[in-house]
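Let me begin by presenting the structure, written as structure tokens, before commenting on it.
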Amino acid sequence: MSHHASGPNFAFPRGDARLDLTDLYAFPKPGDPNKSILVFNVHPSVGVNPPGPTTTEPFAPGALYEIKIDTDGDAIADICYSARFQSCDGGKQIATLRRMQGPSATGACDEGEVIVDGAPVSAGQEAVVTKAGDCRLFVGWRSDPFFFDTNGFFNKMQFTGDDFFSDKNVCGIVLELPNSVLGTNVVGIWARTLDKTGKGWIQADRGGRPMQAVFLAGEQKEAYLNGEPKDDDRFVGVFAHELEHTGGYTPHDASAVARNLLPDILSYDPQRPASFPHNGRALTDDVVDIFLSMLTNGRVTGDKVGPHGDLLDEFPYLGPPHDKA
Ligand SMILES: [Ca+2]
Ligand SMILES: [Ca+2]
């Protein structure tokens with residue numbers, strides 16, 4: 001699990017796999033340093049509680065899938081890209097991508113400038129890509145690029161190199177943007193999903209960095225998924241406690257490490273190569289090995305699995321979906 005199955009007891013947020021954020025990536029476009037690629041993956045094809053395949057419908061119709069961008073380092077969004085999906089006849093879906101900038105980017109972005117309209121959701125091996133101006137959008141089923149010996153982790157970190165995700169799919173929202181629309185500085189990025197209820201928008205899931213949900217259980221996890229990065233200081237104690245317990249850190253060192261993990265925002269400078277945890281996140285970055293070293297204070301340094309071989313060298317970069325996953 002990176003951020004997969006982040007709901008209570010490894011179920012899905014609000015019981016809906018389609019609302020489960022799994023991973024967020026940000027990296028310069030290969031071969032074009034003036035553009036960036038943002039990848040926001042949701043909807044694991046297989047659940048653990050209950051175990052088994054999830055629905056084949058890619059995205060929750062009417063829900064909002066948002067990428068928040070902080071341009072001035074205050075952990076408050078200044079730009080938002082939001083995707084919303086509509087189901088059509090025959091089970092097909094189409095997406096509308098909007099952009100909001102300024103104070104309204106902090107809220108639910110169900111309005112704002114339409115960047116892409118009527119983008120078809122892709123389900124087959126061939127990626128259906130929609131181009132609009134200097135932006136490109138992909139939405140649909142792909143091979144999950146995340147790699148992790150999940151079973152080894154839950155078996156007291158006895159890793160055998162068994163990659164749980166080698167045959168799994170996710171639904172990707174992949175954006176190609178000119179760097180100029182991100183502003184001129186280092187930006188902070190996170191993603192979230194929102195469900196529309198009778199009481200208005202409810203945030204179902206959110207995250208920026210991989211492997212953060214591991215630190216949280218019960219009410220803390222719920223508060224985290226419902227929360228905003230600007231309030232993440234309140235979780236430093238919870239993270240530090242887990243680091244003391246699992247990694248044998250001193251209380252002082254545990255707090256220092258925890259403060260590096262919060263707020264839960266992915267920092268990204270479009271002018272530099274992507275490499276987690278230093279800058280953004282590439283699809284091949286081994287975030288689990290970095291996480292294990294940090295969690296165990298160097299006692300465990302890897303899970304013996306590496307990046308998948310099915311990534312594309314062109315947009316949308318995510319590999320074609322597995323037939324059965
Ligand atoms: Ca999640
Ligand atoms: Ca800001």
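Quick note: the coordinates plus some simple rules give every number you see, no bench work behind them. Remember, predicted model here, so these are calculated numbers, not experimental data. Neighbour counts run over all protein chains shown; Cβ positions are idealised from the backbone, glycine included.
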Margin query: Within the range 92-107, name every residue whose backbone N is under 15 Å away from a label modeled 7 Å from Cα of V128 along the Cβ vector.
Written below: 92-97
Next item on the list: Among the trypsin sites (Lys or Arg not before Pro) in the range 95-192, which ones are in a DSSP loop with at most 11 other Cβ atoms within 10 Å of the Cβ? Mind listing them?
Entry: K156
Note to self: Give me the dipole magnitude in Debye, nearest 20, for the chain about the Cα centre, with unit charges on the beta carbon: positive for Lys and Arg, negative for Asp and Glu.
What the structure shows: 260 debye
Next item on the list: Taking every Cα atom in the range 1-126, find the radius of gyration and the maximum pairwise distance Dmax, and write them in Å.
Entry: 15.8, 45
Notebook entry, point to check: What is the Rg over Rh value, at two decimals, for the range 8-295, using alpha-carbon atoms and the Kirkwood definition of Rh?
Noted result: 0.94
Margin query: What does the C-alpha gyration tensor say about the overall shape of the range 179-248? Classify as rounded when a/c is under 1.5, otherwise prolate if a/b is larger than b/c, or oblate.
Written below: oblate
Notebook entry, point to check: Could you give the nm distance between label points at H245 and H278, where each point is 7 Å from its Cα heading toward the beta carbon?
Noted result: 3.3 nm
Next item on the list: Specify the inter-centroid distance of the range 197-245 and the range 13-27, based on alpha-carbon positions, in whole Å.
Entry: 14 Å
Notebook entry, point to check: Going through the range 222-325, which trypsin sites (Lys or Arg not before Pro) have at most 16 other Cβ atoms within 10 Å and a DSSP loop state?
Noted result: R299, K304, K324
Check: Once you measure Cβ to Cβ distances between cysteines in the chain, which Cys have no partner under 4.7 Å?
Finding: C88, C135, C171
Notebook entry, point to check: Expressed in nm to one decimal, what extension gain is obtained for the pair D310 and S180 from 0.36 nm per residue of sequence separation less their Cα-Cα distance?
Noted result: 43.8 nm
Next item on the list: Using a 10 Å Cβ count of at most 12 others and DSSP loop calls, identify the longest part of the chain lacking such GluC sites (Glu not before Pro).
Entry: 127-313
Note to self: Report the gain in length on full extension from A256 to N9: 0.36 nm times residue separation, minus Cα-Cα distance, nm rounded to one decimal.
What the structure shows: 86.1 nm
Check: To the nearest 500 deg cm²/dmol, what mean residue ellipticity at 222 nm is calculated for the chain from DSSP H runs of n ≥ 4 alone, each contributing -39,500 (n - 2.57), summed and divided by the residues?
Finding: -4000 deg cm²/dmol
Check: Got a sec? How would S104, S2 order by Cβ neighbour count within 10 Å, fewest to most?
Finding: S104, S2
Next item on the list: Output the direction-averaged projected area (hull surface divided by four) of the convex hull of the alpha-carbon atoms of the range 243-325, in nm².
Entry: 7.7 nm²
